[in-house]
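The values are calculated or read from the model by the stated rules, or taken from the named source; none is laboratory data. Keep in mind it's a predicted model, so treat the numbers as computed, not measured. No Cβ is skipped: glycine too gets one built from the backbone with ideal geometry, and neighbour counts run over all protein chains shown. Surface areas here come from the heavy atoms of the whole protein model, side chains and all, with no ligands, DNA or RNA. Shrake-Rupley method; radii C 1.70, N 1.55, O 1.52, S 1.80 Å.
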2 protein chains.
Amino acid sequence: MRTSIATVCISGTLEEKMLACARAGFDGIEIFEQDLVVSPMSPEEVRALANRLGLTLDLYQPFRDFEGVDEALLPENLRRAEAKFELMNRLGIDTMLVCSNVATATVDDDAVAASQLRRLGEAAARHGVRIAYEALAWGRYVNTYRHAHRIVELADHPAVGTCLDSFHILSRGDDPSGIEDLLAEKIFFVQLADAPVLSMDILSWSRHYRVFPGQGGFDLAGFLAHLARAGYAGPVSLEIFNDTFRQSNVERTALDGLRSLLWLQDRAAARLAAGTVVPENGAAPRNDAGAAYPMHLASLPDVQAPTGFDFAEIRTDEPESVAQMLAQLGFGFRGQHRRKPVQLWTQGQARIVINGQRARGATPSISALGFQVAEPRRGVERAVQLRARAVSRHNTADEQELRGVNAPDGTEVFYCPATPRPAWMGEFGAAAPEGDEAAALIEAVDHVNLAQPWQAFDEAVLFYESALRLETRPATEVPSPLGLVRSQVMRTADGSIRLALNIVPQVLDGAGASARAYPEHVAFRTSDIFAVARRAKAAGMDFLPVPRNYYQDLAARFPLDEATIDTLRGLDLLYDRDEHGAFLHFYTETVGEMFLEVVQRDGGYDGYGAPNAPVRLAAQFERNRLRGGQRTTT
Amino acid sequence: MRTSIATVCISGTLEEKMLACARAGFDGIEIFEQDLVVSPMSPEEVRALANRLGLTLDLYQPFRDFEGVDEALLPENLRRAEAKFELMNRLGIDTMLVCSNVATATVDDDAVAASQLRRLGEAAARHGVRIAYEALAWGRYVNTYRHAHRIVELADHPAVGTCLDSFHILSRGDDPSGIEDLLAEKIFFVQLADAPVLSMDILSWSRHYRVFPGQGGFDLAGFLAHLARAGYAGPVSLEIFNDTFRQSNVERTALDGLRSLLWLQDRAAARLAAGTVVPENGAAPRNDAGAAYPMHLASLPDVQAPTGFDFAEIRTDEPESVAQMLAQLGFGFRGQHRRKPVQLWTQGQARIVINGQRARGATPSISALGFQVAEPRRGVERAVQLRARAVSRHNTADEQELRGVNAPDGTEVFYCPATPRPAWMGEFGAAAPEGDEAAALIEAVDHVNLAQPWQAFDEAVLFYESALRLETRPATEVPSPLGLVRSQVMRTADGSIRLALNIVPQVLDGAGASARAYPEHVAFRTSDIFAVARRAKAAGMDFLPVPRNYYQDLAARFPLDEATIDTLRGLDLLYDRDEHGAFLHFYTETVGEMFLEVVQRDGGYDGYGAPNAPVRLAAQFERNRLRGGQRTTT
């Protein structure tokens, strides 16, 4: 599949956009007119630069309000078009997007529109170019792809075809399966955009909220499969109007976009092979396995979802503060790495590595996660094909090789063999016998919570979904003293991996947030949280203090007896319950940019104590302020 | 009118919220439960703090999902309520908000709901408190204020009344005039929220997009007038769920909120006096002038809109760069201030003051605007009553006194007498005779463009609307290389004052913006822009360069002959046209954080050349980068 992207999707000057698209690995780009108009580069320079970068210039767009007009207006419209055809010749672009008329159409007659488009096609052909007519979802008379295609057939000119845009089709709830009935040679271009499911007017939705395929709610894998079955083999191009992309780092956004197309191809190919292109369709599935389509859909190395956390790594040059907390929670020190300033602490299947390498001046933070997978090498290969940057730990011949990639926020993600006793543990000197596991009250890592900058949130979700095959759960929003925190859980179906990605609010006019105001954390699972908490209290651990008001409210919300409330309060334990079961948990104080949590899940409770999150955030905000994270007034 | 605000509206801890509300001047607050639950302050401490600050605690909220339930659930619901009544006694709050049931109601029977609310009222009365029942717009069975009031009447208990919330009423398009038919003594509480007109689901709209009265699209002045006529005299409280307010500076937001209520009272009082409470109603207006209502609506000093710019001030410690541009545009140096390091430059009615006071290290920026008004003293008085901070220029006895206030972004706004030759000009030594006005091609300031941080945008619009009586025009959005710039024009009806407020995109992960990437500007009006541009070119002025691609596009868009295009290109002039007339303009290079523009309006053209703004923004972005405003990659 030839990948392309419209320059309007990303930030920067036209030159910067082209460099970023080439670097990300796109085959071509669409030139969005305004990007050219404001550029100091001449059309010839643009053409030469694209040539040097190996980018094809696939489309010039948009050309508006041409057809369906009073015949008196047509000469001026043709004059406008001729100027653009000349420009396209200078750019070396052979296809121009013509959007269905929004503003000037007054004749609701397909024959008139077709006749006018035919004359446009004749003019285009004289310049050796062609036009791709697209139905905008809000076009005055033409707003469905079937209608646009009908007019193209009526126009009956070799230089007149159609452009299909997933947003304009799916935003109206239109059925894309009809694409398979179109004439393949009349589909001149395809644009893809996803979008979150929002109930708002289509124009605003389209202009501000589009996202890359896989980041929204549209079934674009099915859409692409329809295109393949229709026999389309031209470029598939991203056309995303998104306020955030427009102001974000151009190279990151381009990479994110290409990743979305790679993953989309993989899913579309799988749908074709499984015969589930139209999953909701009652008809017998048509299995396309082995079918050869003109469009080649590249598949990714197939991998299974991870089965557990291998380890979590905390990087810091002050290991003592973390080590102390771990010891207070009952973790055992398993020794120092034979060669590096790295400590290993374990309890049950929970393994925490405290890494002092390249950590000068670094306060504790979560720097890497190990995921146990069936085929580590294949997993890394998949992630790298998805354009994640590979990382690997330097190792000597007799040491376990650890391979992984960087997540968008810089966290290192390692793909590790699935085993209850990882081989790399042998590289740590046995400081304490491993036999004291009888005292292990903590069983494993329950979940990990990572903070994400808001503008990179969709990118992070797409990464974990495509590279690690985690599933998304509905997002929740939690109030904090400095704004709403949006939390997106990504997990495996069986819950062996649970990752919560949090978007933290931005810092506004001295409202006082710092990185430490929204620390990340690792949560451990136990079956006896009272014993863990008592042991930690006895060991002098600093718990995050829970306000008394919380327990009064708890007593009002749940019919808990006074003794239970007293016990919870005495141990700074938080409580939640739903129809499936109960949840008990507590937090440590923050060290650096992280803290730890211990949780107990009773019955079928499958959540994370979301009703208690505001209590935690407020308490952390207070502690942060008392420690000197100031809050100034402007 | 007693002003109040819910603590959920603003950021920070409960203590910070209370301090900010008291400082802004609110009479009271509503305690939002979650703010108390997460607070380390005990209920007694909250009560004592409110007492010290002179704040009444007007409402405890919210209490959810009480009525319309199976009788088997009622004891547990009453138990929950009793716990809250006890808490309210400790807080010293006498009213609790009860929202209509969303989740647990199964009995759609007003008699059952009323009977259950009566029992709640009996329990409340035993604690000396009362309940205010509110219809949520998305309540399961009860979602209109009339329905809630009907149930309250059926409940027939002195401790059971209703709460009216403008959002829940107006978001549904419900007619608020029926408020006048309610029993005044049964209206226990009133909450106000405005909201922009959005077509989205009501719940999301309510939870994220509410704004202060006057910042959205609801007719809240009419709403308040209905309340006055209904005989309500209790607190009128802001309950605004807004993602931005939650993360903004708490003191600014509180002040903004109180300002909105002050201005609202003024407009409601005017509507009552004019008998236009229900403007769209065909019935004869009922003039309430002189009518005494239990609710006292405070009026502001009445003022007229300004009639022209008195001056624009540029603060810098490097006056030469600005002075040179002004000279090249044909401005005359009118001398140095007799006492201060301040220069005056004029041309026609355009007066530019270059102020070197308190300007150490300051690159040129727009620091103050003088507005000519009929009654300067009254204007300042109005602004100060609207809680704007007064500024005044130090002056000696024989100098003109300049009085004004700070706009939210810090720009100083001066109220000046309306005169073609301001008296303060006499304080500047006459460096050049004023007689060379024959050469004055520039007539006056056409408009001023100020950049606003996005989170303070609504606040700025409310300020200019309430304090200066400027009108808002529909906002436009303009793409720049680093994101969309939203532009909001505020002006007088006659166009003598035009102020464009721009929200500039945020700086995201090294995407390279700096303050200078979005400079502000002053635009001057001329009737012969060709002469101004030629004179400036001859004087060696640096124009902002316009790309050649722009002129090629212009030739495609408009039927302009080649000679005209050549002239425009030779002078770096931009062109626009609409159904009213044509617009010609050019920009200078940026100095510091500002630049200058010259415009010519032909025919009835009333816009600002918005189609050309992307060209300017891209050119400024390029120039900024070439000058070293770097763009890094993360």
(request) Please work out which one of (1) over 20 Å from A:Arg421 (Cα atoms); (2) touching a Leu at 6+ places or on another chain (Cβ under 9 Å) is the condition A:Leu369 fails and give its number. (result) (1)
(message) Within segment A:53-75, does at least one residue satisfy the condition of being within 14 Å of chain B (Cβ to nearest Cβ), farther than 23 Å from A:Val142 by Cβ and out of contact with any His (no Cβ under 8 Å at 6 or more places or on another chain)?
(response) no
(request) Determine whether segment B:583-591 contains at least one residue that is open to solvent by 50 Å² or more (accessible area, probe 1.4 Å) and either of a type outside the set (Ser, Thr, Tyr) or touching an Asp or Glu at 6+ places or on another chain (Cβ under 7 Å) (or both). (result) no
(request) Quickly run through segment B:189-235 and pick out the residues that are within 15 Å of the chain's Cα centre (by Cα), open to solvent by 40 Å² or more (accessible area, probe 1.4 Å) and within 11 Å of B:Phe167 (Cβ to Cβ). (result) B:Tyr209
(message) Can you pull out every residue in segment A:604-631 that is part of a helix (DSSP H, G or I), at pLDDT 90 or above and not aliphatic (A, V, I, L, M)?
(response) A:Pro611, A:Asn612, A:Pro614, A:Arg616, A:Gln620
(request) Would you tally the residues in segment B:61-86 being open to solvent by less than 20 Å² (accessible area, probe 1.4 Å) and over 34 Å from the mean Cα position of the chain (by Cα)? (result) 9
(message) Can you say whether B:Thr411 is under 28 Å from B:Trp454 (Cβ atoms) and in contact (Cβ under 8 Å) with a residue 40 or more places away in the chain, as far as the supplied structure shows?
(response) yes
(message) Residues that are closer than 20 Å to B:Ser466 by Cα and open to solvent by less than 20 Å² (accessible area, probe 1.4 Å), at least 3 per element: which strands (runs of 3 or more DSSP E) completely within segment B:341-420 meet that?
(response) B:365-373, B:412-417
(request) Exactly one condition in (1) assigned to a strand (DSSP E or B); (2) open to solvent by less than 10 Å² (accessible area, probe 1.4 Å) is not met by B:Ser466; state its number. (result) (1)
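If you go through segment A:244-256 one residue at a time, do you hit one that is assigned to a loop (DSSP other than H, G, I, E, B), out of contact with any Asp or Glu (no Cβ under 8 Å at 6 or more places or on another chain) and either closer than 17 Å to A:Asp165 by Cα or open to solvent by less than 20 Å² (accessible area, probe 1.4 Å) (or both)?
Looking for residues that are assigned to a loop (DSSP other than H, G, I, E, B), out of contact with any Asp or Glu (no Cβ under 8 Å at 6 or more places or on another chain) and either closer than 17 Å to A:Asp165 by Cα or open to solvent by less than 20 Å² (accessible area, probe 1.4 Å) (or both), one finds none in segment A:244-256, hence no.
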(request) Considering (1) within 13 Å of chain A (Cβ to nearest Cβ); (2) surrounded by fewer than 20 Cβ atoms within 10 Å (Cβ to Cβ), say which one B:Gly25 fails and leave the rest. (result) (1)
(request) Give the residues of segment A:105-139 that are open to solvent by 50 Å² or more (accessible area, probe 1.4 Å) and either closer than 28 Å to A:Asp174 by Cα or in contact with a Ser or Thr (Cβ under 9 Å, 6 or more places away or on another chain) (or both), sorted by residue number. (result) A:Thr106, A:Asp108, A:Asp109, A:Ala111, A:Arg118, A:Arg130, A:Trp138
(request) Select, from B:Val485, B:Val448, the only residue that is modelled with pLDDT of 90 or more, closer than 24 Å to B:Asn242 by Cα and open to solvent by less than 40 Å² (accessible area, probe 1.4 Å). (result) B:Val485
(request) Report, ordered by the first and then the second residue, all pairs with beta carbons closer than 7 Å, sequence separation of six or more or different chains, a first member in segment B:381-403 that is free of Cβ contacts under 8 Å to residues at least 40 places away in the same chain and in the same structural domain as B:Gly429 (by TED's automatic domain parsing), and a second member that is open to solvent by less than 30 Å² (accessible area, probe 1.4 Å) and among the small types (Gly, Ala, Ser). (result) B:Val391/B:Gly404
(message) Quick check on segment B:553-566: of everything there that is out of contact with any Asp or Glu (no Cβ under 8 Å at 6 or more places or on another chain), more than 16 Å from B:Phe530 (Cα to Cα) and open to solvent by less than 70 Å² (accessible area, probe 1.4 Å), which residue is farthest from the other protein chains (Cβ to nearest Cβ)?
(response) B:Leu560
(request) Determine whether B:Val322 is modelled with pLDDT of 95 or more, open to solvent by less than 10 Å² (accessible area, probe 1.4 Å) and either farther than 19 Å from B:Phe167 by Cα or within 24 Å of the chain's Cα centre (by Cα) (or both). (result) yes
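In segment B:481-498, what residues are within 14 Å of chain A (Cβ to nearest Cβ) and among the charged types (D, E, K, R)? Spell out how you get there, then give the answer.
Initially, segment B:481-498 is screened for residues within 14 Å of chain A (Cβ to nearest Cβ), giving B:481-486.
Answer for segment B:481-498, where residues must be within 14 Å of chain A (Cβ to nearest Cβ) and among the charged types (D, E, K, R): just B:Arg486.
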(request) Please work out if B:Phe218 is part of a loop (DSSP other than H, G, I, E, B), touching a helix residue (DSSP H, G or I) at 6+ places or on another chain (Cβ under 7 Å), under 30 Å from A:Trp454 (Cβ atoms) and not small (Gly, Ala, Ser). (result) yes
(request) Only residues that are within 14 Å of chain A (Cβ to nearest Cβ), surrounded by fewer than 24 Cβ atoms within 10 Å (Cβ to Cβ) and in contact (Cβ under 8 Å) with a residue 40 or more places away in the chain: list them for segment B:1-18, please. (result) B:Val8, B:Glu16
(request) Working only within segment A:40-60, note down all residues that are open to solvent by less than 80 Å² (accessible area, probe 1.4 Å), closer than 27 Å to B:Leu544 by Cβ, in contact (Cβ under 8 Å) with a residue 12 or more places away in the chain and within 34 Å of the chain's Cα centre (by Cα). (result) A:Met41, A:Val46, A:Leu49, A:Tyr60
(message) Condition check: surrounded by fewer than 23 Cβ atoms within 10 Å (Cβ to Cβ), at pLDDT below 95 and farther than 18 Å from A:Phe245 by Cα. Does B:Thr472 satisfy that?
(response) yes
